[in-house]
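A short write-up of the structure that comes next.
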Amino acid sequence: MVRAAREVRQAAVDAGALAPAIRYAEEGFPVSELIAYYWDRNVAILRAQHLPGAFLETYAPNGQAPGKGEIFKNPSLARTYRLIAEQGRDVFYRGGIADQIDAFMRANGGWLRKADFEKHASTWVEPLSTNYRGYDVYELPPNGQGIATLQMLNILEGFDLKKMGFLSADALHVMIETKKLVFEDRAKFYADPAFAKVPVKWLVSKEYATERRKLIDPARAGRSYDAGHSPVNDGDTIYLCTADAEGNMVSLIQSNYRGMGSGITVPGLGFDFQDRGEMFTMESGHANIYAPGKRPFHTIIPAFVMKDGQPWLAFGVMGGAMQPQGHVQILVNLIDYGLNLQEAGDAARWQHDGSTDYDHPKMTDGGYVYLESGIPWNVVADLKRRGHDIRTDLGGYGGYQAILWDAKNRTYLGASESRKDGQAAGY
């Protein structure tokens, strides 16, 4: 009786929560400009793979991706949401939807089974934090890359970035070198803690940051760095944040990986599967090696900041390996340089690439640095003199949204990425 009553209450909650999504899926919504661009690119890539299932039927119903301003409808997804609203989450993990997925996978050579859905359990985790110049920055622990942000901030705290100057060569140089150092640890240690001994406390400690900071040459870009030696000896992403009148703030991120994910779409369900398993490695002995029941290393990291024990900022930056780099740049812009919430996101960004990674061999050439056009030419020239391989790119610098609590005026401030389709709105 108690369980039945609980299920009825949960179904009522699900029905209310899913109603807007059901309406949009049935009635459609106009596709925005940037989403239309990426959608078209993904459809072209996945069409060429001749995947089984209903990907093209679902996401290219007229033979091509919907264009800017076109109304896109997904009646199959609406039916799936209605089932969940009516029958609760068990219909997905233990009922008819799981049965459909199981049958499709068996028929097409896939390995997912209903038993995998039945065994799935989401987990509550304690966020990790470090204090950066009086601000407590919170990130999620591995198997994600959130602690890369904390490691970078700990190293950067030893440099006077404000004195160096906003977008100066000195400041950009130490930030880029810091990223290189931290990403070596990211490649070696970050994995599912249920399967690997991840030395989290050591990685995010101030003492470790002090030692790593000494490796940075202020005059020269590093060609290669080694990961730290652990003291432990045991053998396309979306981001949104929201806040309510009661002071609750939420920082949320989700991704299918590689744009639209795997492209595997079970007919009649209206969604395709993510592709995060790609981020396992097959290197024997590696912390992130593939194993049954294991969660792969992943890049999606929402963030939160407290000031004087009170909520201050919910924010995120989409974009794979750009995310921790973006988090650090946003926080430095806000805390060190005093930019406002929108300015912090609109400011020109840098992105370092070529670090050791799950799909990239050990960095021996220093990698390369993408710079946006807003960075002054004399700064670019100075970075080149220090040995940085500088490149330019129109994209790849992430997508930022944020909500900040103004404790003095007891109001919220919102900001949204000018590089993406997004908005800050109050209701």
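Tell me the net charge near Gln325. Cut-off is 14 Å between Cβ atoms, Gln325 excluded, with +1 for each Lys or Arg and -1 for each Asp or Glu.
Charge balance in the 14 Å sphere: -2.
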Would you mind calculating the gained length between Glu86 and Asp217 on full extension (0.36 nm times residue separation, minus the Cα-Cα distance), in nm to one decimal?
41.1 nm
Mean residue ellipticity (222 nm) of the chain, computed from DSSP H runs ≥ 4 via -39,500 (n - 2.57), nearest 500
-11000 deg cm²/dmol
As straight-line cross-link partners of Lys307, the qualifying lysines (C-alpha separation under 27 Å, not fewer than 8 residues apart within one chain) are Lys162, Lys163, Lys179, Lys201, Lys206, Lys408
Report, ordered by chain and residue number, the aspartates and glutamates lying within cross-link reach of Lys119, taken as a straight Cα distance under 19 Å and ignoring same-chain residues fewer than 8 apart.
Asp90, Asp99, Asp102, Asp192
Two pseudo-spin positions, 7 Å from Cα along C-beta at Arg410 and at Tyr93, lie apart in nanometres by 4.0
Restricting to lysines and to Cα separations under 18 Å from Lys420, and discarding same-chain partners fewer than 8 apart, the set is Lys68
Near-label residues of segment 360-401 by backbone N, under 12 Å of a point 7 Å along Cα→Cβ of Met282
none
At what distance in angstrom do the alpha carbon centres of segment 374-411 and segment 262-296 lie from each other?
32
Of the labelled options (i) 4, 19, 29, 27, 16, 5, 0, 0; (ii) 4, 17, 21, 16, 10, 7, 8, 7, 6, 3, 1; (iii) 4, 13, 17, 13, 10, 10, 9, 7, 5, 4, 4, 2, 1, 0, 0, 0, which one gives P(r) over Cα pairs in 10 Å bins from 0, in percent as computed for this structure?
(i)
From the backbone phi of segment 182-187, what are the Karplus-calculated ³J(HN,Hα) couplings (6.51 cos²θ - 1.76 cosθ + 1.60, θ = phi - 60°) in whole Hz, Gly and Pro given as x?
5, 6, 5, 5, 4, 5
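If packing is taken as the mean number of other Cβ atoms within 10 Å per residue, what is the order of 269-276, 351-358, highest first? Don't jump to the answer; show the numbers that get you there.
Values: 269-276: 18.6, 351-358: 20.2.
Ranked by mean Cβ neighbours within 10 Å, highest first: 351-358, 269-276.
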Among Asn409, Asn131, Ser32, the residue whose Cα sits farthest towards the positive end of the charge dipole of the chain (+1 at Cβ of Lys and Arg, -1 at Cβ of Asp and Glu, taken about the Cα centre) is Asn131
When DSSP beta bridges are limited to those with both residues in the chain, what percentage is antiparallel, rounded to the nearest 5?
90
Tell me which residues come under 5 Å, amide H to amide H, from Thr130 once H is placed; ignore anything under 5 positions away on its chain.
Val137
Between Leu112 and His360, the two model label points (7 Å from Cα along the beta-carbon direction) sit apart by a distance in nm of 2.9
Listed with the fewest Cβ neighbours within 10 Å leading, Phe189, Phe72, Phe315, Phe183 appear as Phe72, Phe189, Phe315, Phe183
Furthest towards positive pole of dipole, Thr237, Thr265, Leu153, structure part segment 126-268, Cβ charges
Leu153
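Taking a ≥ b ≥ c as the square roots of the eigenvalues of the Cα gyration tensor of segment 2-119, is the shape rounded (a/c under 1.5), prolate (a/b larger than b/c) or oblate?
On the way: a/c = 3.21, a/b = 1.36, b/c = 2.36.
Verdict is oblate for segment 2-119.
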Stretched fully, the stretch from Gln100 through Leu51 gains (0.36 nm per residue minus C-alpha distance, one decimal, in nm) 15.9 nm
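Values in this text are rule-based calculations from the coordinates and carry no lab data. These figures come from a predicted structure and were not determined experimentally. Don't worry about glycine lacking a Cβ; one is built from the backbone with ideal geometry, like all the others, and counts go over all protein chains shown.
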